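The structure appears below as structure tokens.
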């Protein structure tokens, strides 16, 4: 499984993003492996609408509704783990979204996290040591 962070999904949607091609190739190679944690959805919606445009925003929402992307709705343990992560890594000023992405990746034993945010994800020891894509290609 590949757990996706906000920036990776925005880059996947935004053809002008410098990481688009690499992420598109990764996604097309194994679409069913991608999981979007619930916490990234509002951020992706906002950023796509603001920076890519309303048509892309509509397409993203349609893709969610059609099941194009698998969504992990998580559980209370994810929130508890996210709280622990933000406390443990207070100096990183990691927010809820990144902490939920890490908690989700840990819970489902993801082989990779699709992220452009190396400041947070590369600094945290994530159980199972998932690859950070596209960095670890």
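The values are calculated or read from the model by the stated rules, or taken from the named source; none is laboratory data. In this text the structure is predicted, and so the values were computed from the model without any measurement. With ideal geometry, Cβ positions are generated from the backbone for all residues, glycine too; neighbour counts draw on all protein chains shown.
Observations on the model:
- Considering only residues in the range 19-42 that are surrounded by fewer than 18 Cβ atoms within 10 Å (Cβ to Cβ) and touching a helix residue (DSSP H, G or I) at 6+ places or on another chain (Cβ under 8 Å), the one that is farthest from residue 56 (Cα to Cα) turns out to be 38.
- Test result for residue 135, modelled with pLDDT under 95 and within 28 Å of residue 21 (Cα to Cα): no
- Filtering the range 92-110 to residues that are more than 12 Å from residue 79 (Cα to Cα) and touching a residue at least 40 places away in the same chain (Cβ under 8 Å) leaves 105, 108, 109, 110.
- For beta carbons closer than 9 Å, sequence separation of 6+ or different chains, a first residue in the range 18-32 that is without any contact (Cβ under 8 Å) to a residue 12 or more places away in the chain and a second that is in a helix (DSSP H, G or I), the qualifying pairs are 18/11; 20/11; 20/12; 20/13.
- Residues located in the range 109-123, provided they are modelled with pLDDT under 95 and surrounded by 15 or more Cβ atoms within 10 Å (Cβ to Cβ): 120
- Selection of helices (runs of 4 or more DSSP H) fully inside the range 1-119 by the criterion of at least 1 residues being under 19 Å from residue 130 (Cβ atoms) and out of contact with any strand residue (DSSP E or B) (no Cβ under 7 Å at 6 or more places or on another chain) returns 6-13, 20-29, 76-88, 96-107.
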